[in-house]
Amino acid sequence: MKSSQQNQADKLPDYHFHTKLCKHATGELRDFAHSAGLKGIPEICCTDHAPNPDEYDPKHRMELKQFPLYRAAFEELKGNEKPPEFLFGIEADYYNGCEAFLTNWLVREHFDFVLGSVHFIDNWGFDNPAERHIWDSVDISTTWKRYFDVVAKLVDTRLFDAVSHLDLPKKFGHRPPDKALKEMIAPLLDRMATTGIGMEINTSGLRKPVKEIYPSPLILEMACERGIPICFGSDSHSPEEMGSDFDRALALAREVAYTHFFRIKNRKKVMALLPETA
């Protein structure tokens, strides 16, 4: 990771959004770019869900044969002289056995940014509204511990540039007491700090039942204490959501004492001062 003394950026870049290729969003890449341009967002990175050859979660991602369409949409727009600047990214889920495909594929496709995420504990899509009822029959603290164990495996692969929506299990309001949360997440944050992986401040939680940014202030403060670098993502699934609530995300970052965030290109992070406004 490189350090930079560059001037403050005018606004925050948005490093997380999804197009209709992921099957649960609306809009083409050009539509998200247009929305970002109208809002003055200087840089955007599309991070549709990565395809895979083993039929993992096919309802929420493009098929491998569709990936050339994803790249073509990016290539069509990346030379545009008007803002925003385009980065080529992907959100790749960690699951048992994913390394067999991702290890070579992520290198071969020359992404600018690779977000890592966990959406399943074993075969349970714990953030899927259709499977929300399972929360009523599990121990919440044990479930969160199991989730963080999977995220730790994600971190240990060193395949990803940042972890997305780190406390995703809170989506429907199920969460352990703060004391238990601090004890179970501290070892994970220590591993993240050791590997240099970043962490996303994701505003989509404000649009979910929990009505809170991912991660919580408690987790973000612990991450700041360990020097874990941050970026910002709206996790938009429609063009109008681009940069949504970035003012609140910026305020939260400052509240827990962050002064810098990372920008990225060709998988190389460069630190930049937080802007005055989002």
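The values are calculated or read from the model by the stated rules, or taken from the named source; none is laboratory data. Owing to the predicted nature of the structure, the values given are computational and were not obtained by experimental measurement. Note that each Cβ is placed from the backbone with ideal geometry, even for glycine, and that neighbours are counted across all protein chains shown. The area values use the complete protein model at the heavy-atom level, side chains included, leaving out ligands, DNA and RNA. Shrake-Rupley method; radii C 1.70, N 1.55, O 1.52, S 1.80 Å.
Brief remarks follow.
- Over the stretch 1-91, the fraction of Cα-Cα pairs per 5 Å bin, rounded to whole percents and listed from the shortest bin up, is 3, 13, 23, 22, 15, 11, 7, 4, 1, 0.
- Cα→Cβ-extended label distance, 7 Å offset, between N266 and R226, nm: 3.0 nm
- Cα-only radius of gyration and Dmax that characterise the stretch 189-247, units Å: 12.5, 37
- In the full protein context, the chain carries 44 Å² of accessible surface per residue, based on a 1.4 Å probe and ignoring ligands, DNA and RNA.
- Answer label for Cα extents along the principal axes in Å (calculated), chosen among [x] 93, 39, 36; [y] 56, 53, 51; [z] 52, 43, 33: [z]
- Stretching S141 away from E63 to a fully extended chain increases their span by 24.6 nm, per 0.36 nm per residue minus the current alpha-carbon distance.
- Between E255 and E276, full extension at 0.36 nm per residue minus the direct alpha carbon distance yields a gain of 6.2 nm.
- Relative protection proxy for 251-258, 15-22, from highest mean packing down: 15-22, 251-258 (other beta-carbon atoms within 10 angstrom).
- For the chain, DSSP calls about 30 percent of its internal beta bridges antiparallel.
- Descending Cα extents along the principal axes, the stretch 84-212, whole Å: 42, 31, 26
- Rounded percent of accessible protein surface that carbon and sulfur make up, the chain, 1.4 Å probe: 50 percent
- FRET efficiency, 1/(1 + (r/R0)^6) with R0 45 Å, evaluated for E85 and A186 via beta carbons: 0.80
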